[in-house]
Amino acid sequence: LKREKERSKQVRPPSLHFKCIDSREHIWSLRISHGYRALGIFEGEVVTWFWVGDHKAYEKYF
């Protein structure tokens, strides 16, 4: 159990905030900082990042 908790922390550091924005397509938003976001698709334990930009662009399109 302890190893699972440690592994989970390595995958998602506390400084990064993940949020599922489309559960059918497995699209997740990642808050990099107050002003920047990234979007990726989770496939198993792998994330394919397809967009990185500022928060204004994120809110305009997503």
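Quick check on region 16-55: of everything there that is among the charged types (D, E, K, R) and not in a strand (DSSP E or B), which residue is farthest from the chain's Cα centre (by Cα)? So that I can check it myself, show each step before the final result.
Step one: list which residues in region 16-55 are among the charged types (D, E, K, R), which gives 19, 22, 24-25, 31, 37, 43, 45, 54.
Next cut, not in a strand (DSSP E or B) only: 24-25, 45.
Numbers: ARG24: 15, GLU25: 14, GLU45: 12 Å.
In this case the residue turns out to be ARG24.
For region 34-57, a tally of residues being within 14 Å of PHE18 (Cβ to Cβ) and at pLDDT below 90 returns 1.
Consider PHE62 carefully, then state whether it is modelled with pLDDT under 90 and either surrounded by 13 or more Cβ atoms within 10 Å (Cβ to Cβ) or in contact with a Cys (Cβ under 9 Å, 6 or more places away or on another chain) (or both).
Values: modelled with pLDDT under 90: yes; either surrounded by 13 or more Cβ atoms within 10 Å (Cβ to Cβ) or in contact with a Cys (Cβ under 9 Å, 6 or more places away or on another chain) (or both): yes.
The answer is yes for PHE62.
The values are calculated or read from the model by the stated rules, or taken from the named source; none is laboratory data. Values in this document were obtained by computation on a predicted structure and should not be read as measured data. Because the Cβ atoms are built from the backbone with ideal geometry, glycine has one as well, and the counts that use them run over all protein chains shown.
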